[in-house]
Structures are given as C-alpha cells and as structure tokens.
Amino acid sequence: MGKRFSVFIIINMRLTKKLLRKLILEYLEQEQKLFGSWVEEIDKHTISSGNSVSDRNVWIEANIGRRLGGGAYRDAYELKDNSDFILKIAKKPPGETADEGFVMNKQEKELFNQYPDFFPKVYTASPEYKNGHEWIIIEKANVMQGASYDEYKFEGSGDAYKDYQIAGNNVGHLSRNFPHAIKYIIEIHKLIFGNDDYSQVFIMHAFQETINSLLLSSRRNPLYKKLSVLAVKAYNTDAKFQKLVNIIDDMDIAVGDIDVGNVGFRKDTGEFLIIDSSIWED
C-alpha cells in the first residue's frame, strides 16, 4: 500500500505541475490579448534587469506606445494595442532601497486593493524589486478638466466661456457621484464666489473647501463657520462623500490636490477617482 500510495503522489504531483504550467500559460496568453505581446518581454528590458533608463524607454516607445507625460518620479505611456490602459513606470533606478517611483507604483496597487471605489484599477505589475514595482498597468480614466482656482489666482482668468462649459460637465459628474452632497457644495461655491453666470466655474475649489471645513475645524473665520454648517450637511447626507472624506483624512491626502488634473472618472461607469497617487505626504 505504501509503494502504491507513493506512486500515486508522484503522478498527482506531475499532474499538478502540468496543470499549473497550463494555467500560467493561459494567464500569460490572456494578458497578451488584453495588453499586447510586449507583456512577456518587458522585464528583459527594465532597469531592474540591468538596462539603462534610456535603453528601456527607447524599447517602450518602440514596442508599447508613446509617452503621455510624467511627474518627478514616474512616466505614463499609452498602450497602442489597447487604449483602455496606461503603463506607469518609475523614472529612476533604485539604490539600496526603491526610489519614489517604485514605491508609488506599489502604493497605487495597494490603494486600489484597499479602496477600489476611489482609485484606478491596477491590473498587473512587474515583479517586486527593492520594496516596489518598476511598472504597473492601470485602467485609463477620464481626467477632470477645467479651471483650477489656484492657477487662476496666479495666471489670470483664461477662457471664461470654455471654463464655464467644462464646469457644467464637472458639476454633472459630481452630482452623479455625490447626489446628496452636491447641493451643499454648490451653496458653498455661492458663499465664496457669489451667484453670477459663472458661479460654478471653480466647483472643485468649493469641493475642496467643503472637505477642508470638515477636517480643519480650528478655523475661526466667520465665513468658515457658515461653510462648516453646509459641509456637515453634505457629510451627513451622502454616504459616498463621507467615505471619500474619511479616506482623505486617513491617508493624509493634501486636500488642495483633489483638483482638476488629479481626479477624474471611470470611462465605463463615471465613478469618481483619485488618479494621481503621488499627491499625499508620507
């Protein structure tokens, strides 16, 4: 019985390895269909594998897609085989520990796992290296456009009519995501900017100030006392807005960065998303 049992275990292990290999190949095949054939090759060209940053980037532009833009620590590339996704990749090689780009990629992956309702979906990532990921593939979202109040203060009015048209779309997006909070946010906008034809151009600034009124309770300005009353109503009547405020508070996200360019909406469902994962402080 013992010998037969040992033979059974060996055969079963072989079958298990064969099945596992089959599943891995099927997964890789699905990834290639979804993202492109480059998925199987990219890790041979990364800086984690000893390649230079310039050689890696040349390979990416030739095989994956063009560079869309970037910040201090990461670049974003389109996927020419599927425009529904973006490749985010660290700019610099890691030293003894991962550089910020590697850390941010890992952080973005973890944040989606923790708060899938408010962060872009991370589909796959490079093998972990020096406590981070050199690259990740995320869903492509529609970035919120329009007038930023901070830019307006320093750069002037810009195209008021165009900003007004875009602001109307943004109010619509916010209304669908935060249907109970939005009326109080609009009231806060009126308190700050008045109630003229362009009263909702800086709706995201009013959105920020609603959150600030909840998180910065020490303000003594009489205006903020009025804002706080409306902000509390927005918080208490809208469960999704309440959840967003709690995430911002828990993660120490800079409220001023919840603004056009840093937030957006899912392409398929229109859900509100925090897109730029480098906006909070460690």
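The values are calculated or read from the model by the stated rules, or taken from the named source; none is laboratory data. Everything quoted here is computed from the prediction, not taken from an experiment. Here Cβ is always computed from backbone atoms with ideal geometry, including for glycine, and neighbour counts include all displayed protein chains.
At a glance:
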{"quantity": "Residue in the stretch 92-103 that is outside the structural domain of D250 (by TED's automatic domain parsing), at pLDDT 85 or above and out of contact with any Gly (no Cβ under 6 Å at 6 or more places or on another chain) present", "calculated": "yes"}
{"quantity": "Some residue of the stretch 238-260 being outside any helix (DSSP H, G or I), modelled with pLDDT of 70 or more, small (G, A, S) and more than 27 Å from L111 (Cβ to Cβ)", "calculated": "no"}
{"quantity": "Leading residue by the ranking (nearest to M251 (Cα to Cα)) among those in the stretch 68-117 that are in contact (Cβ under 8 Å) with a residue 60 or more places away in the chain, surrounded by fewer than 19 Cβ atoms within 10 Å (Cβ to Cβ) and in contact with a helix residue (DSSP H, G or I) (Cβ under 7 Å, 6 or more places away or on another chain)", "calculated": "Y115"}
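Per-residue answers, yes or no, for (1) of a type in the set (G, A, S); (2) under 17 Å from K44 (Cα atoms):
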residue	(1), (2)
I86	no, no
A90	yes, yes
G95	yes, no
K106	no, no
L111	no, no
T124	no, yes
E128	no, yes
N131	no, no
E134	no, yes
